[in-house]
Structure formats: structure tokens, C-alpha cells
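Input: a single structure, listed below in C-alpha cells.
The values are calculated or read from the model by the stated rules, or taken from the named source; none is laboratory data. This structure is a prediction, so every number in the text was calculated from the model and none was measured. FYI the Cβ positions are ideal-geometry reconstructions off the backbone, even for glycines, and counts take in every protein chain you see. Remember, those area values only see protein heavy atoms, side chains included, never the ligands or the DNA or RNA. Shrake-Rupley method; radii C 1.70, N 1.55, O 1.52, S 1.80 Å.
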Amino acid sequence: MSVRRVEVNLPGRAYEVRIGGGALGSVASAVRSMAGARASRVFVVVDTGVPERFVDQLSADLASQGFVACVACVTPSEEIKSIETYHRLMVEIASTGHTRVDPVIALGGGVVGDLAGFVAASYQRGVAVIQCPTTLLSMVDASVGGKTGMNLVVPDDAGGSTLLKNLVGAFHQPRLVVADMDVLASLDPRHRRAGLAECVKHGMIGAGLGDDAHAGLMDWMIEELDGIRAFDDSTIEELVGRNVALKASVVVGDEHESTDAKAGGRMLLNFGHTFGHAIETIEGVSPVVDEPGLAPLLHGEAVGLGMVAACCAAVELGMCDRSIGDELVSMLEAIGLPVRVDGLPPGCEILDRMMRDKKMAGGSLRVILPVGWGKCAIVEGADEGAIVAGIDSIRR
Ligand code: GLY
């Protein structure tokens with residue numbers, strides 16, 4: 001088993017991301033060494049999409065290290081990433097007799113990682129979490145950097161309710177991240193493509209980070225496009241390694257997303273997200289790809305569409321050339337991601353949702369917009385007409 005390692009060098013809380021086929025086999029012994037002899041239990045939150053053999057293997061490995069493994073299952077969706085599920089998991093962990101020295105393991109995609117991470121962040125004021133991402137999206141993005149939390153449904157002005165993404169949460173860095181490429185092989189094609197959207201997002205900010213290694217990410221992805229599209233094992237492992245390295249460097253530079261004005265701050269990772277979050281949970285918005293009728297959007301699909309909208313808004317604002325958006329659209333189309341959708345409500349309605357996103361700064365909308373190929377900037381108080389033009393550009 002060859003495993004590559006990427007360090008997330010946060011002062012005093014550095015941790016490793018292990019990437020490779022069979023890497024899950026190293027989790028139980030790593031948990032024993034980090035938790036110490038007193039730890040006796042592990043609370044494992046498992047995504048029901050993960051093939052059973054990986055869950056069984058991890059449980060057996062934990063047992064052989066002397067742990068009692070309590071498994072709680074979550075069927076992922078944006079609706080399930082809720083206070084109710086959090087409450088259920090908290091009751092489950094508390095009823096197992098889990099103590100402060102006992103760790104939590106998240107085995108699944110972004111929804112499971114975020115929920116389990118928030119359980120770990122808040123149970124008895126914080127216990128260790130080990131993130132074992134099983135989707136491409138969670139490997140290259142969600143599992144690294146300590147963002148945890150859930151969505152919240154709040155009443156809207158029209159007497160209905162709106163699901164606001166990740167409104168409740170905490171930063172809680174994992175102690176270890178393990179991305180097992182063998183688990184990834186079981187991912188369906190649509191989820192693979194959705195994960196690639198976050199890689200394209202990294203490519204779209206890479207040249208602005210001041211590090212040659214990340215500046216070349218987009219060019220490397222274009223060169224390797226055939227292998228990426230075919231989900232070739234070694235190309236995808238390299239892709240995960242490069243993306244995790246980029247994400248790690250951004251997180252180390254701005255762990256709590258607090259350096260708003262600084263180029264290279266963590267907020268750049270939200271490129272495509274303010275637009276994307278606003279459309280992601282709207283019922284009836286359907287990606288127009290080769291498999292019709294696939295509503296609702298997956299997070300990665302919404303991020304891809306959000307990046308297209310952001311490019312158009314940036315052109316409206318005179319911030320970048322139209323060719324940037326054209327190249328992005330070609331890249332997303334080559335991957336098989338939607339660049340337009342059916343069923344979008346009026347732009348002003350989506351703008352209203354964007355205004356309620358947690359990336360608002362005081363009363364003004366804050367968006368990440370491209371200023372060149374591979375370079376983005378944070379824009380506060382962006383003109384609403386340009387934002388609506390961006391939204392309209394992804395309307396089918
Ligand atoms: N997914 C964006 C971040 O972790 O900051």
C-alpha cells in the first residue's frame with residue numbers, strides 16, 4: 001500500500017491527510033496511538049452510501065485495537081443535515097457512554113463529515129474527530145480545514161421557509177484525514193463529476209495564491225483531462241493530492257476565514273458558492289446534463305453553475321474578460337457538468353437568498369469574482385444588476 005501524505009501545518013494542531021488505496025486500513029492503529037490507552041470507544045458516523053465491506057473492515061480493525069465501535073448511519077441530503085439529525089446523533093453518542101478521550105470518526109461524504117465534525121466539536125465541549133472522506137468532493141475540500149455544521153430552515157417573507165446552508169457550525173480541525181482511493185472507486189459517475197467541480201474551483205483560484213505549485217493546477221488538469229474524465233486511478237490520486245495541498249495551504253494561511261481583504265484568504269475558496277448555495281436547495285431546479293430529470297442539484301453541480309454565474313457577473317462589472325467564462329464553461333462541459341439549469345426562479349428571488357447567505361458582510365453582499373484565469377478577488381457590495389445578470393446566464 002503506497003500512501004501519500006499532505007501536512008496541514010496549523011501551529012500546535014498540525015495534522016496529516018493520507019491519500020491512497022487501502023489507506024482506511026491505517027485508521028484504527030492511528031486512532032489508538034492518538035487517543036491513548038484510556039480511550040475505549042469510537043463513535044463512527046457512517047454514510048449509508050459507503051459499501052458495507054469498508055464499514056465492516058473499519059469496525060473489525062477498531063475492535064482489534066480494543067475499541068468498542070458504535071456505528072450511527074446517516075443517509076445524506078441537504079435536508080438531513082439538520083438540527084434534528086444532529087440531535088439524534090448527540091443522543092446516540094451520549095447513550096453509548098462516550099467520554100472526552102474517545103474519538104469520533106466520520107466515514108462518508110460532505111454531509112456526514114460536517115455533521116459528525118459538529119457532533120465532535122460540541123459533545124462535552126469537544127472531542128477528537130478523524131475524517132475519512134469517501135466522495136471526491138469531500139476528499140478534495142470538505143474533509144480538510146475543520147469546517148463543521150449543518151443547515152437551518154428559517155421562515156421567509158412569503159410565509160414559507162428557506163433552507164440556509166451551513167448556517168450553524170464551528171471550526172473543529174480533524175486530528176487526521178484519511179482518503180482511501182479504493183472507496184472512491186465505488187462512487188457513481190454523477191457524484192464523481194460533482195467532486196471535479198471543486199477541483200476546477202481550486203484551479204480557478206490557484207494562480208492568485210502566490211505559490212507556483214498551485215498556480216499550475218488548472219494547466220495540469222487541462223493536460224490530464226482525458227485521465228480525469230476516465231477517472232483513471234493514478235490520475236485521480238494525483239488530482240486529490242494536488243487539491244488537498246492547495247486547500248491545506250489556504251487553510252493554514254487563514255484558518256478561520258477572517259482575513260477578508262487579504263488576497264489568498266480562505267474566503268477565496270467560496271468561489272461559486274454564494275451563487276451555488278442560493279440555487280442548490282431550490283426544488284425543481286434541474287441540471288441539464290446527459291441524464292435528464294436529476295433534480296435536486298448536487299453541491300458540486302451548484303458550485304459549477306455558481307462559478308459560471310460569477311464569471312458573467314464579473315464581465316458585467318468590467319472585472320474580467322468574457323474569455324475567462326468561456327474557458328470555464330468549456331472545462332465544465334468537458335467534464336460533463338451542467339452549465340445551465342431548468343426551473344430557476346426569478347433572479348431577484350435568488351438574489352434575496354444570496355443576501356441571506358452567511359457570507360454577507362454586515363448589510364452588503366460579498367461575492368468572489370474572477371479577475372483573470374486562475375485568479376479571483378473578494379467583492380463587497382457588488383452591483384445587484386450584475387449579480388442578476390450572472391444568475392440569468394445559467395438559466396436555460
Ligand atoms: N469549502 C470551503 C472551505 O473549507 O473554506
Exercise for review: Enter the accessible area per residue of the chain (Å², integer; probe 1.4 Å; all protein chains in place).
Suggested key: 38
Point to revise | Structure-based [θ]222 nm, the chain - -39500 (n - 2.57) summed over DSSP H runs of at least 4, per residue, nearest 500 | key: -12500 deg cm²/dmol
Check your understanding: What nm distance separates the two modelled labels at Ala230 and Val101, each placed 7 Å from Cα along Cα→Cβ?
Key -> 5.1
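Tell me, what is the FRET efficiency for Arg356 and Ser64 to the nearest 0.05, using R0 = 51 angstrom and their Cβ-Cβ distance as r?
Working: r = 48 Å, r/R0 = 0.94.
E between Arg356 and Ser64, to the nearest 0.05, is 0.60.
Show me the ranking of peptides 115-121, 33-39 by mean Cβ neighbours inside 10 Å, starting with the highest.
Working: 115-121: 26.3, 33-39: 12.9.
Sorting 115-121, 33-39 by mean packing, highest first, produces 115-121, 33-39.
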Review point. Applying the Karplus parametrisation 6.51 cos²θ - 1.76 cosθ + 1.60 with θ = phi - 60° to the phi angles of the stretch 98-106, what ³J(HN,Hα) value in whole Hz is obtained for each residue in order, glycine and proline being reported as x?
Key: 4, 10, 5, 8, 8, x, 10, 10, 9
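Report the full-extension gain for the segment Leu167 to Cys348: residue separation times 0.36 nm, less the Cα-Cα distance, to one decimal in nm.
63.0 nm
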Check your understanding: How do 299-308, 155-164 rank on mean C-beta neighbours within 10 Å, highest first?
Key -> 299-308, 155-164
Review point. Whose amide H sits under 5 Å from the amide H of His172, counting only residues 5 or more places off or on another chain, with H placed in the peptide plane?
Key: Lys147, Thr148
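Give me the number: length gained by fully extending Ser258 to Ala14, i.e. 0.36 nm times residue separation minus the C-alpha to C-alpha distance, one decimal in nm.
Numbers: separation 244, 0.36 × 244 = 87.84 nm, distance 1.93 nm.
Gain on extension, Ser258 to Ala14, equals 85.9 nm.
So, by mean Cβ neighbours within 10 angstrom, what's the order for 204-213, 310-319 with the highest one leading?
Numbers: 204-213: 18.9, 310-319: 22.0.
In descending order of packing, they fall as 310-319, 204-213.
I'd like the antiparallel share, as a percent to the nearest 5, of DSSP beta bridges with both residues in the chain. Before the final figure, lay out the partial values.
Working: 22 of 46 bridges.
Close to 50 percent.
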Review point. In what order, largest first, do Arg32, Arg5 sit by accessible area if the probe radius is 1.4 Å?
Key: Arg5, Arg32
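At 1.4 Å probe size, with the rest of the protein present, what percent of the exposed accessible area of the chain is carbon and sulfur atoms?
Values: 7630 of 15150 Å².
Accessible surface attributable to carbon and sulfur in the chain totals 50 percent.
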Practice item. Could you list which residues have their amide H under 5 Å from that of Ile282, counting only those 5 or more apart in sequence or on another chain, with H placed in the peptide plane? Key: none
